[in-house]
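Single-structure report; data block below.
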Amino acid sequence: MTASVSAPVGFRFAGVGAALPEKVINNVDLTAAMDTTDEWIRERTGIGARHVGSSTSELSIAAAREALDRSGLQPADIGQVILATTSPDYICPGTAPAVAYALGLDCGAFDLQAACSGWVYGLVVANGLMLQGLDNILVIGAESLDRITDYTARDTGILFGNGAGAAIVQQDPTGNGRVLGWDLGANGAHVGILYSEHGGFLQMDGKEVFRQAVTVMQRSTNAALAMAGLTVDDIDLVIPHQANVRIVDAAWKKLGFSQEKTVMILERTGNTSAASIPLALADALHEGRLEPGHNVLFLGFGAGMTWASMIVRWEGTLTGTAAW
Ligand code: COA
């Protein structure tokens, strides 16, 4: 699809989809492979189960197909695909072209690697492409983390799972839906606290990741709020990256957000990296937690370290997805 540079008008979600593989590993299942307990994992992380199986492209296609169906748009309407993932099908090529092909799209398609912040990075990039005249941008967050997770390792094996969430974002001619503020950040000094080598498993300094995550969540939220000219009290719903409930609790204590305004799905999914925020968005829609005029904060952080946030004034009346 080609676009002409034109005045941007607003930002809204046209459709959201989600996909989780059928196979579930719960905490009790993990006790067969490592010295742990359901109680320990729940108490230290808030996780009860994680999904495994399927590939990043398969999960992407399923989530994107649902987003497309729910948007009422046709494949020819999609102007760009951005696939945020840290577990692509291949090192080369990216996974996005195969996903676009399977969906019958005729547009640009690329992978975006910003680990768990990837989907929010993708939203910011999509907003930028809209400023160049593109419309109806499919932003997918998808992971098959079981390929890089050692389910016998007590630190990482308890955390990660597979899944995908997808959203089609579009210009909002009414101007009611808008991007109010955003923030993107990275600090490569922390590469070594969470990484996976080619062909290897995720390696992590859990305590340091925890500490850095709490810090960058505050920093990124404050930057996005400042750009939006809003305060914490003006935010109606926060959809944070789902890594550990204790990380969110610790950040919220410093920021002043309430649990009531927070979407958490971690208990059912574990950490699905780039997929976690769109999966949580799908859940929030399913629960009817989003209303036109709400100020919604998407807040991601992850390996790199990277972090990303976006505050959107919500427009539209979307509903939940088949995954929930
Ligand atoms: N089950 C049972 N016991 C475990 C365990 C497990 N899976 N993992 C560690 N333990 C034990 C340790 O051996 C230690 O025992 P000891 O006190 O007798 O020596 C104790 O529990 C504490 O271990 P520690 O490693 O200090 O745990 P922790 O409180 O730091 O929790 C994590 C570990 C991984 C849950 C936590 O560090 C974490 O979640 N960090 C953030 C990770 C993250 O979110 N990564 C993704 C970011 S996008």
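The values are calculated or read from the model by the stated rules, or taken from the named source; none is laboratory data. None of these values were measured; they are calculated from a predicted model. Positions of Cβ are backbone-derived with ideal geometry, glycine not excepted, and every protein chain shown enters the neighbour counts. The area values use the complete protein model at the heavy-atom level, side chains included, leaving out ligands, DNA and RNA. Shrake-Rupley method; radii C 1.70, N 1.55, O 1.52, S 1.80 Å.
Here the Gaussian network model covers the chain, with springs between Cα atoms less than 10 Å apart; of 230, 112, 159, 230 fluctuates the most. Rolling a 1.4 Å probe over the protein heavy atoms of segment 1-149, with every protein chain left in place, gives an accessible area that is 54 percent carbon and sulfur.
Got a sec? Charge dipole of the chain, +1 on Cβ for Lys and Arg, -1 for Asp and Glu; which of 273, 180, 148 is way out at the positive end? Of the listed residues, the answer is 180.
Here the Karplus relation 6.51 cos²θ - 1.76 cosθ + 1.60, evaluated at θ = phi - 60°, turns the backbone of segment 17-24 into coupling constants of x, 8, 8, 10, x, 5, 6, 10 Hz, with x for every Gly and Pro.
A Förster radius of 25 Å, combined with the Cβ-Cβ distance separating residue 253 from residue 23, puts the computed FRET efficiency at roughly 0.10. Compared with the dominant Cα axis of the chain, that is its longest principal axis, helix 56-71 is turned about 40°. Taking a ≥ b ≥ c as the square roots of the eigenvalues of the Cα gyration tensor of segment 224-296, is the shape rounded (a/c under 1.5), prolate (a/b larger than b/c) or oblate? It is oblate, given that a/c is not under 1.5 and a/b is not larger than b/c. Net charge dipole, segment 103-205: roughly 140 debye, given to the nearest 20, about the Cα centre with Cβ charges of +1 for Lys and Arg and -1 for Asp and Glu.
Here the chain is treated with +1 on each Lys and Arg Cβ and -1 on each Asp and Glu Cβ, and its dipole about the Cα centre works out to around 500 debye. Packing, as the average of other Cβ atoms within 10 Å across residues, places the peptides 163-173, 243-253 in the order 163-173, 243-253, highest first.
How large is the charge dipole for segment 178-313, taken about the Cα centre, if only the Cβ atoms of Lys, Arg (+1) and Asp, Glu (-1) carry charge, to the nearest 20 debye? All intermediate terms of the calculation are to be shown ahead of the outcome.
Working: 11 positive and 13 negative charges, 41 e Å.
The dipole magnitude comes to about 200 debye.
Rounded, prolate or oblate, given the Cα gyration tensor of segment 79-137, with a/c below 1.5 counting as rounded?
Numbers: a/c = 2.63, a/b = 1.17, b/c = 2.26.
Judged from the Cα gyration tensor, segment 79-137 comes out oblate (a/c at least 1.5, b/c at or above a/b).
Of the peptides 69-81, 256-268, the ranking by mean beta-carbon count within 10 Å, highest at the top, reads 69-81, 256-268. At a probe radius of 1.4 angstrom, the accessible area of the chain per residue rounds to 39 square angstrom.
Across segment 12-170, the mean sequence separation of Cα contacts (distance under 8 Å, 6 or more residues apart), normalised by length, yields a relative contact order of 35 percent.
Shown for segment 218-324: the carbon plus sulfur share of the solvent-accessible area, taken with all protein chains present and a 1.4 angstrom probe, equals 46%.
Each Lys or Arg adds one and each Asp or Glu subtracts one; over the other residues with Cβ under 13 Å from the Cβ of residue 252, this totals +2.
Choose one of 64, 130, 24: the residue whose Cα lies farthest towards the positive end of the charge dipole of segment 1-158 (beta-carbon charges +1 Lys, Arg; -1 Asp, Glu; about the Cα centre). Result: 130, furthest along the dipole toward the positive end. How far is helix 276-286 tilted, in degrees, relative to the longest principal axis of the Cα atoms in the chain, given as a value from 0 to 90 rounded to the nearest 10? Value to nearest ten degrees: 70.
Of the peptides 29-40, 144-155, the ranking by mean beta-carbon count within 10 Å, highest at the top, reads 144-155, 29-40.
For a modelled paramagnetic label at residue 191, 7 Å from Cα along Cα-to-Cβ, the residues of segment 288-322 in reach, with backbone nitrogen under 13 Å, are 304-305. Relative to the longest principal axis of the Cα atoms of the chain, the long axis of helix 118-131 makes an angle of roughly 10 degrees.
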